[in-house]
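Novice: Pasting a structure below so you can have a look.
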Amino acid sequence: MPKPKIFISYWFGDRTIPLGAAMADGFRELGFDVFCFNTWIESRLYRHLLKPASRLARGFGFKNTDFSRNSPWGREQYRQRMLHEAALRFNPDILLIIHGHVIDPDIIADLKRRNPALLTLGWWVENPRDDNRPLLSQVSLYDHYFCIHKFNYDVGSGIKHLQAVAVDRKRYHRLEPPLLRNLELVFVGSWYPKRETFLAAIADLPLSIYGPIWGKKCHTPELRKTLKGRAIWGQQLLSLYNRAQIVIDIPVWDSRRETLNLRALDVPATGTLLLTEDSATLRQLLTPGVEVATYKTPDELLTQSLHYLAGTEARQRVANAGYARAQQLGTYADKAEEMLTLAGWPMAS
């Protein structure tokens, strides 16, 4: 009997959030044949001519210039065409569009016309917004639509809640033999004003920051001295987590809006203490002070950092409990199965 086939559209590659790759692995564990479409795809003409020419024109004062806007080789037009062609070649049973980038409704309609049995799934993994029109505009295009948060949409909207957080043991785990934990405080992530404000409170501690934009945007001299590198991914990130005594997470999304970023389980799965912002959603997975360390203000971030740096035994106890908890929680195969169950897909017994 042939394997069921699923087409997943999201960011794929060595230097991007591995949610798409983790979900692809999860579906493979469930017995699916998986096609991964990278929505970062762009034509050579766009990359080497249209994009730099547009940037140059804007530099000379021609605001909003985009030579690719009406070109079939522009980024959006090319991406939609390549996605359509790839889906036609693969002929999937399930189409999963993770947003990210949206898909032209005409493409979905054409794929449905050619294969009326095609199950179309959309998954909103962007931040909770006061203006939810971009989210709500997508719902009617799909057979089933999921969202990682519960903020600002009605139960009757047709949206099903599905968190993106799960345990990715392939990419985040304890390394054997263990590495020397010679980095006291580590932060990984892009610059945001909130992050600079919070990290400024611990700028005098042994902190290492990795992430893009910090070199351009950070205005705190003490923090600039802690910058160790730009974006870090893959095996390097895994090694960094395994070398850290404490990994600090500063979510940029409003923690009151019922969502988490992926570090909530990525870090504990490596056996490292996670120090992150407290929230009701976090408490549904991890117990503060037992399996994770938390703060609510910059002053609390400083206090907790000092406490767990000084208390080796307490730090290791919480880190070990967080690791044990991560081993009990669902994987991305479980997440894929949950999505299929919510969509009414018949699961093999």
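The values are calculated or read from the model by the stated rules, or taken from the named source; none is laboratory data. None of the values given here were measured: they were computed from a predicted structure. Glycine also receives a Cβ, built like all others from the backbone with ideal geometry; neighbour counts cover every protein chain displayed.
Novice: Only residues that are touching a Gly at 6+ places or on another chain (Cβ under 6 Å) and of a type in the set (Gly, Ala, Ser): list them for the range 321-349, please.
Specialist: Result: Ala333, Ala336.
Novice: Can you name the residue in the range 199-229 that is in a loop (DSSP other than H, G, I, E, B) and in contact with a strand residue (DSSP E or B) (Cβ under 7 Å, 6 or more places away or on another chain) and is also farthest from Gln304 (Cα to Cα) among such residues? Even if it seems obvious, please write down each step before you answer.
Specialist: So in the range 199-229, the residues in a loop (DSSP other than H, G, I, E, B) come out as 201-206, 211-213, 218-220, 225-226.
Subsequent filtering for residues that are in contact with a strand residue (DSSP E or B) (Cβ under 7 Å, 6 or more places away or on another chain) retains 202, 205-206, 211, 226.
Numbers: Ile202: 10, Leu205: 12, Pro206: 14, Gly211: 23, Thr226: 19 Å.
So, considering only residues that are in a loop (DSSP other than H, G, I, E, B) and in contact with a strand residue (DSSP E or B) (Cβ under 7 Å, 6 or more places away or on another chain), the one farthest from Gln304 (Cα to Cα) is Gly211.
Novice: So in the range 197-214, with the set limited to residues that are touching a Lys or Arg at 6+ places or on another chain (Cβ under 9 Å) and surrounded by fewer than 17 Cβ atoms within 10 Å (Cβ to Cβ), which one is farthest from Arg243 (Cα to Cα)?
Specialist: Going through the qualifying residues, I end up with Ile213.
Novice: Turning to a different aspect of this structure: Is it the case that Val247 is of a type in the set (A, V, I, L, M, F, W, C), under 22 Å from Trp191 (Cα atoms) and surrounded by fewer than 18 Cβ atoms within 10 Å (Cβ to Cβ)?
Specialist: In short, no.
Novice: Given Glu313, Glu300, which one is acidic (Asp, Glu), in a helix (DSSP H, G or I) and surrounded by 14 or more Cβ atoms within 10 Å (Cβ to Cβ)? Break it down stepwise before answering.
Specialist: Details: Glu313 fails: surrounded by 14 or more Cβ atoms within 10 Å (Cβ to Cβ).
On inspection, the qualifying residue turns out to be Glu300.
Novice: Right, something else. Evaluate the following for Leu274: is it modelled with pLDDT of 95 or more, part of a helix (DSSP H, G or I) and within 28 Å of Gln235 (Cα to Cα)?
Specialist: no
Novice: Can I ask one more? Can you find even one residue in the range 87-99 that is assigned to a helix (DSSP H, G or I) and either out of contact with any Leu (no Cβ under 8 Å at 6 or more places or on another chain) or of a type in the set (Ser, Thr, Tyr) (or both)?
Specialist: First, pick out the residues of the range 87-99 that are assigned to a helix (DSSP H, G or I): 87-90.
Then keep just the ones that are either out of contact with any Leu (no Cβ under 8 Å at 6 or more places or on another chain) or of a type in the set (Ser, Thr, Tyr) (or both); that gives 89-90.
Within the range 87-99 (the criterion being assigned to a helix (DSSP H, G or I) and either out of contact with any Leu (no Cβ under 8 Å at 6 or more places or on another chain) or of a type in the set (Ser, Thr, Tyr) (or both)), the answer is yes, since at least one residue qualifies.
Novice: Return yes when Ala86 is without any contact (Cβ under 8 Å) to a residue 12 or more places away in the chain and surrounded by fewer than 19 Cβ atoms within 10 Å (Cβ to Cβ) and no when it is not.
Specialist: Criteria not met by Ala86.
Novice: Let me confirm something: among Thr276, Thr272, which residue is within 18 Å of the chain's Cα centre (by Cα) and of a type in the set (Ser, Thr, Tyr)?
Specialist: Thr276
Novice: If you don't mind, there's one more thing I want to ask. So, in the range 137-173, how many residues would count as being buried (at least 18 other Cβ atoms within 10 Å of the Cβ) and among the small types (Gly, Ala, Ser)?
Specialist: Counting residues in the range 137-173 that are buried (at least 18 other Cβ atoms within 10 Å of the Cβ) and among the small types (Gly, Ala, Ser) gives 2.
Novice: Give the range 36-65 a look and list any residue that's in contact with a Gly (Cβ under 8 Å, 6 or more places away or on another chain) and over 22 Å from Tyr10 (Cα atoms), or say none.
Specialist: The one that is in contact with a Gly (Cβ under 8 Å, 6 or more places away or on another chain) and over 22 Å from Tyr10 (Cα atoms): Leu50.
Novice: Report yes if Leu141 is more than 25 Å from Ile98 (Cβ to Cβ) and either in contact with a helix residue (DSSP H, G or I) (Cβ under 8 Å, 6 or more places away or on another chain) or assigned by TED's automatic domain parsing to the domain that holds Ile246 (or both), otherwise no.
Specialist: It is false that Leu141 is more than 25 Å from Ile98 (Cβ to Cβ) and either in contact with a helix residue (DSSP H, G or I) (Cβ under 8 Å, 6 or more places away or on another chain) or assigned by TED's automatic domain parsing to the domain that holds Ile246 (or both).
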